[in-house]
1. Find how much the distance from V45 to K108 grows on full extension, using 0.36 nm per residue of separation minus their present alpha carbon separation; answer in nm with one decimal.
2. Of all the accessible heavy-atom surface of the chain, with the other protein chains kept in place and a 1.4 Å probe, what percent is carbon and sulfur?
3. Put +1 on the Cβ of every Lys and Arg and -1 on every Asp and Glu Cβ in the chain; which of V29, M1, I53 then has its Cα farthest towards the positive end of the dipole?
4. Please identify the chymotrypsin sites (Phe, Trp or Tyr not before Pro) of segment 4-102 that satisfy two criteria: DSSP loop assignment and at most 10 other Cβ atoms within 10 Å. Which are they?
5. Looking at the chain, what % of its DSSP beta bridges pair antiparallel, to the nearest 5?
6. In debye, nearest 20: dipole of segment 1-53 around its Cα centre with unit charges on the Cβ of K, R (+) and D, E (-)?
7. Report, to two decimal places, the Cα Rg of segment 6-107 normalised by 2.2 N^0.38 Å (N = number of residues).
8. For the chain, with every protein chain kept in place, what is the accessible area per residue (1.4 Å probe, Å²)?
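The values are calculated or read from the model by the stated rules, or taken from the named source; none is laboratory data. All values derive from a computational prediction rather than experimental measurement. Please note: Cβ atoms are built from the backbone with ideal geometry, for glycine as well, and neighbour counts cover all protein chains shown. Heavy atoms of the whole protein, side chains included, go into the accessibility calculation; ligands, DNA and RNA do not. Shrake-Rupley method; radii C 1.70, N 1.55, O 1.52, S 1.80 Å.
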Amino acid sequence: MKIAVTSTGQDLDSPVDPRFGRAAYILIVDADTLNVEVLDNAENVNAFKGAGIQAATLISDKQADVLLTGFCGPNAFKALEAARIKVAGDVSGSVREAVAAFVDGKVKTVTAPNAQGHW
């Protein structure tokens, strides 16, 4: 399983970035091996609009199965839903802790966005 996690840094010990579309980085973590692919999200950090949709496209292109983040707005949520990527919101701690909590079943996916647009 490929788990996308919004992150403030480029490794597993970096804090989860609470923003989805405007996160500094998105880490694609292999749940079995903990191998990490770092996606630089700089293009979307200062985007005028559409940051969430663009970030959703980015992780969809990497074939992520689930997204772990703090907050996900309605447009991004719809894009992720269309790409069949499950979303777990209100995630915090380090990327490593978030992935472990999800794998252990302590973090559940949601059925609706948990933020307003343009957060």
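1. 20.0 nm
2. Of the solvent-accessible surface of the chain, carbon and sulfur hold 49 percent.
3. I53
4. F48
5. 65 percent
6. 360 debye
7. 0.95
8. Dividing the accessible area of the chain by its residue count gives 53 Å².
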